[in-house]
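Reviewing the structure listed below.
The values are calculated or read from the model by the stated rules, or taken from the named source; none is laboratory data. Owing to the predicted nature of the structure, the values given are computational and were not obtained by experimental measurement. All Cβ positions, even for glycine, are placed from backbone atoms using ideal geometry, and neighbour counts span all protein chains on display.
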Amino acid sequence: MKKMSVARKRTLRFLIILGALNLLALAKFGFGNHSTLSTTYGLVLGHEWIILHSVVVKSSTGSTFFALLGLLGCGLAFLFFKLNKTSIAGISIASISILFSFICWAATGKFIPLTGLLQGGLMLAVPLIFGSMSGLLCERSGVINIAIEGQLLAGAFASAVVASVTHKTMLGLIIAPIAGAAVSVLLATFAIKFGVDQVILGFVLNVLVYGLTDFLYKRLLIPYQSTWNQAPSFSQISIPILGKIPIIGPIFFDQTIIVYLMYAIVAAISYGLFRTKWGLRTRSVGEHPEAADSVGIDVNKLRFRNVVIAGLVAGLGGAYFTIGSVGSFGKEMTAGSGFIALAALIFGKWTPKGAILAALLFGFADNLQGTLSIIGVSVPSEFMLMVPYIATIIAVSGLIGRVRAPAADGVFYSRGESH
């Protein structure tokens, strides 16, 4: 009998746990739910075409249906596993079904604005996606980027101040990536040129940006708020026809310009990393810089350039906190988003698709706990906030397969030295 590999054992273990969770959901939320009340899901948010205003589902019936659907997804994933393949669809169905089975149970007798819930989840995920893409560019190049938080905060501060002074949101949008790139220049200079420990350096840069923005906030933005901290913000732009599609339209195609730029940046990075010569060189310096150097690639020059580009991306994400939403800057308003973006990158196994899905999970969980709190659900909101972090721990532990950073990630490279 052929011995099962470690990776397949981990995948099998994950599928068993996923199936057990769906069985638990079936027992607790489905068969164990004796309520005769229903949950109403609102499907209309704005001016989209209306097919159904809402859907009313009996709590126990909905919970049972989603739990059974999750078990079906597990069965599909297990079938693909037997064929030595991975069913992303099966795993996704099984995972999402557990969540919706829980919602049907937790929101018994309540109204859930489903379209709004999904749109809010995307909006909360926007800076996380920008941050994770910034981390992806750096770490695929072999540089650990702990300074994502500082880059986001610098972009938020600069965009708010410039837009407030000039009363022009576009100028705020232009200055935000420059501010993020300025932090990246410091990161690249000390990490790539001088070989400073990249993890410690990242934390130092975060503290530097925290301190600088806090100082200016107290000395400048608070005393002279009407001049320095009252910026206009971008309004939503509905794309013709696409914005009218029920459910999907309001979520994806009725957003601000920053979100549409995010779509373009994600597509460009995903294509560039795996379909261009630049992407091949970037991955090579992140995996084996000595080999890249041997074929004429200037390792440190490419790393430096990519780290600065990553800062541009993160800085643009920082603008979403201010001119993309509330307009004004608040002290430490990023609230750890850079670290959550880094966790999303790890959870997504250093791939664009994985990082985006993880960021969306984080954003949806964050918005869900807020929605459940507003409608008066008795489940403590802290449990929902724990979900993405528990998922990250599971991913990092290797339970769902091997999680490996680029081989040369965080490794200082000096030509002629062996590592």
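Among the listed residues Leu153, Leu171, Leu124, identify the single one that is aliphatic (A, V, I, L, M) and surrounded by 24 or more Cβ atoms within 10 Å (Cβ to Cβ).
Numbers: Leu171 fails: surrounded by 24 or more Cβ atoms within 10 Å (Cβ to Cβ); Leu124 fails: surrounded by 24 or more Cβ atoms within 10 Å (Cβ to Cβ).
Within the list Leu153, Leu171, Leu124, the selection yields Leu153.
Please verify whether His34 is modelled with pLDDT under 85 and either under 30 Å from Phe252 (Cβ atoms) or not assigned by TED's automatic domain parsing to the domain that holds Asp254 (or both), treating the condition exactly as stated.
On the way: modelled with pLDDT under 85: yes; either under 30 Å from Phe252 (Cβ atoms) or not assigned by TED's automatic domain parsing to the domain that holds Asp254 (or both): yes.
Answer is yes for this residue.
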Condition test on Gly75, is it surrounded by fewer than 24 Cβ atoms within 10 Å (Cβ to Cβ), in contact with a Cys (Cβ under 8 Å, 6 or more places away or on another chain) and assigned by TED's automatic domain parsing to the domain that holds Glu48?
no
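Can you tell me which residue in region 221-256 is farthest from the chain's Cα centre (by Cα), limited to those that are of a type in the set (Gly, Ala, Ser) and in a loop (DSSP other than H, G, I, E, B)? Steps first, answer last, please.
Within region 221-256, the subset of a type in the set (Gly, Ala, Ser) is 226, 231, 233, 235, 238, 243, 249.
Still in the running and in a loop (DSSP other than H, G, I, E, B): 231, 233, 235.
Values: Ala231: 26, Ser233: 22, Ser235: 23 Å.
Here the residue is Ala231.
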Within region 204-226, which residues are out of contact with any helix residue (DSSP H, G or I) (no Cβ under 9 Å at 6 or more places or on another chain) and aromatic (Phe, Trp, Tyr)?
Phe215, Tyr224
Yes or no: region 79-96 includes at least one residue that is assigned to a helix (DSSP H, G or I), under 29 Å from Thr36 (Cα atoms), modelled with pLDDT under 95 and not hydrophobic (A, V, I, L, M, F, W, C).
yes
For residues that are touching a strand residue (DSSP E or B) at 6+ places or on another chain (Cβ under 9 Å), outside any loop (DSSP other than H, G, I, E, B) and either among the aromatic types (Phe, Trp, Tyr) or within 13 Å of Ala106 (Cα to Cα) (or both), tally how many sit in region 27-47.
4
Considering each of Leu372, Leu316, Leu361 in turn, give the residue that is in contact with a Pro (Cβ under 6 Å, 6 or more places away or on another chain), over 30 Å from Phe190 (Cβ atoms) and in contact (Cβ under 8 Å) with a residue 24 or more places away in the chain.
Leu361
Among Gly150, Gly155, Gly116, Gly120, which is the only one that is closer than 23 Å to Phe412 by Cβ, touching a residue at least 12 places away in the same chain (Cβ under 8 Å) and not polar (S, T, N, Q)?
Gly150
Of everything in region 305-345, what is within 18 Å of Phe364 (Cβ to Cβ) and of a type in the set (Phe, Trp, Tyr)? Give them in sequence order.
Tyr320
Within region 15-37, residues of a type in the set (Ser, Thr, Tyr) and in contact (Cβ under 8 Å) with a residue 40 or more places away in the chain come out as Ser35
Are there helices (runs of 4 or more DSSP H) fully within region 311-419 with at least 2 residues that are at pLDDT 90 or above? List them.
337-347, 352-374
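Hey, does region 232-247 have a residue that's buried (at least 23 other Cβ atoms within 10 Å of the Cβ), polar (S, T, N, Q) and out of contact with any Ser or Thr (no Cβ under 9 Å at 6 or more places or on another chain)? Give the derivation first.
Taking region 232-247 as the starting set, the residues that turn out to be buried (at least 23 other Cβ atoms within 10 Å of the Cβ) are none.
There is no residue in region 232-247 that is buried (at least 23 other Cβ atoms within 10 Å of the Cβ), polar (S, T, N, Q) and out of contact with any Ser or Thr (no Cβ under 9 Å at 6 or more places or on another chain).
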